[in-house]
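Please read the structure below before turning to the comments.
The values are calculated or read from the model by the stated rules, or taken from the named source; none is laboratory data. Note that this is a predicted model, so its numbers are computed, not measured. Note that each Cβ is placed from the backbone with ideal geometry, even for glycine, and that neighbours are counted across all protein chains shown.
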């Protein structure tokens with residue numbers, strides 16, 4: 001197995017040697033460039049995609065068929081249509097998601113500003129998803145031309161229903177969660193029940209700030225969301241999200257960026273809370289980092305901090321937490337201070353497996369090829 005680590009200064013790959021369980025970290029790929037997201041195709045193709053910002057060359061996507069030994073850049077990277085009326089220009093390719101299992105060469109990318117893009121040839125050429133980017137309400141739903149989030153407003157959390165390639169969810173920071181049932185030709189907001197404390201309307205149709213949205217792979221009618229304003233769960237066909245973060249300890253709160261799911265148990269999820277008070281320090285609450293897990297769909301939460309430092313001031317970004325497929329499950333997260341932490345017992349205990357890396361943007365698990 002391997003962990004694919006995207007950082008502020010390049011890509012690092014942590015390999016586990018199966019015979020003795022030891023770990024090794026190879027030389028960085030794209031040293032000095034921003035690696036927003038690095039993903040190995042879970043459909044078994046062996047192709048790995050990396051969402052990069054390559055200095056003066058701007059945002060692009062690279063792909064590799066040999067775990068990073070060799071890389072090729074997309075011949076047509078994600079971009080808005082040239083000459084469009086809005087004159088949008090992509091600042092970053094932020095999120096990568098593989099398409100449906102029946103469409104093995106399809107991938108989706110989310111960008112900043114909040115564009116959605118598709119490739120049908122494994123990442124070599126990309127095109128805008130016009131049904132989203134040119135939707136009549138795009139300028140209402142998206143933050144445009146203002147970019148009110150610190151790193152720019154982005155489209156993320158692209159979830160494709162494993163039962164239906166035409167059924168998709170996306171997240172906008174800021175903007176909310178949106179659903180398509182026709183392959184991206186049309187969209188609608190689906191944010192009822194989510195708080196937007198920064199909005200004069202206590203229950204707006206859109207304008208929310210989801211940080212990370214996950215669809216459960218074995219129970220795709222269940223969605224979890226870590227939001228700027230709490231932790232939520234939605235069980236379709238219901239339309240209203242339930243704030244399960246209200247069951248978190250009051251002194252910790254339910255603000256954070258990542259949420260990660262147990263691939264075999266729809267009731268189990270992990271979050272990494274952060275201090276979201278006052279000026280949003282974006283550090284562990286009281287400088288005491290901990291993961292919290294629920295085993296009952298959010299009705300209760302358990303603190304998991306065995307092995308973590310008693311005092312540290314990092315946090316974890318929305319793409320920087322992942323799980324493997326083992327039994328018991330392995331859980332991993334990367335920090336803003338450049339450490340990678342791993343648990344081989346579903347969060348019961350933690351071990352630092354890498355330190356002194358650049359600020360970590362994403363962590364994804366990759367099975368052995």
task: Please specify each residue of the range 180-204 satisfying the condition of being crowded, with 18+ Cβ neighbours inside 10 Å and within 16 Å of residue 236 (Cα to Cα).
output: 180, 189, 190, 191, 194
- prompt: Pairs, please: C-beta under 6 Å, at least 6 apart or cross-chain, first residue over 13 Å from residue 229 (Cβ atoms) and in the range 241-255, second modelled with pLDDT under 95 and outside any strand (DSSP E or B)?
  reply: 252/285
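Residues are listed down the side, and each one gets a yes or a no for (1) under 19 Å from residue 345 (Cβ atoms); (2) at pLDDT below 95:
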{"position": "243", "(1), (2)": "no, no"}
{"position": "260", "(1), (2)": "yes, no"}
{"position": "276", "(1), (2)": "no, yes"}
{"position": "290", "(1), (2)": "yes, no"}
{"position": "294", "(1), (2)": "yes, no"}
{"position": "317", "(1), (2)": "no, no"}
Filter result (without any contact (Cβ under 8 Å) to a residue 40 or more places away in the chain and surrounded by fewer than 17 Cβ atoms within 10 Å (Cβ to Cβ)) within the range 165-179: 166
query: Which one of 147, 114 is in a loop (DSSP other than H, G, I, E, B) and in contact with a helix residue (DSSP H, G or I) (Cβ under 9 Å, 6 or more places away or on another chain)?
result: 114
statement: Those residues of the range 106-163 that are within 23 Å of residue 44 (Cβ to Cβ) and at pLDDT below 95 come to a total of 0
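Hey, which of the strands (runs of 3 or more DSSP E) in the range 327-369, taking only ones fully inside, have at least 3 residues that are buried (at least 19 other Cβ atoms within 10 Å of the Cβ)? Don't jump to the end; show me each part of the working.
Details: elements: 331-334, 340-343, 351-354, 360-366.
In the range 327-369, 331-334, 340-343, 360-366 are the strands (runs of 3 or more DSSP E) which contain 3 or more residues that are buried (at least 19 other Cβ atoms within 10 Å of the Cβ).
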- request: Being over 13 Å from residue 312 (Cβ atoms) and in contact (Cβ under 8 Å) with a residue 60 or more places away in the chain is the filter; apply it to the range 269-298 and report the residue that is surrounded by the fewest Cβ atoms within 10 Å (Cβ to Cβ).
  value: 297
query: Taking only pairs six or more apart or across chains, which ones have beta-carbon atoms under 8 Å, a first residue in the range 221-238 that is without any contact (Cβ under 8 Å) to a residue 24 or more places away in the chain and on the phi > 0 side of the Ramachandran plot, and a second residue that is buried (at least 20 other Cβ atoms within 10 Å of the Cβ) and assigned to a loop (DSSP other than H, G, I, E, B)?
result: none
- prompt: How many residues, within the range 30-57, are at pLDDT 90 or above and either on the phi > 0 side of the Ramachandran plot or over 21 Å from the mean Cα position of the chain (by Cα) (or both)?
  reply: 6
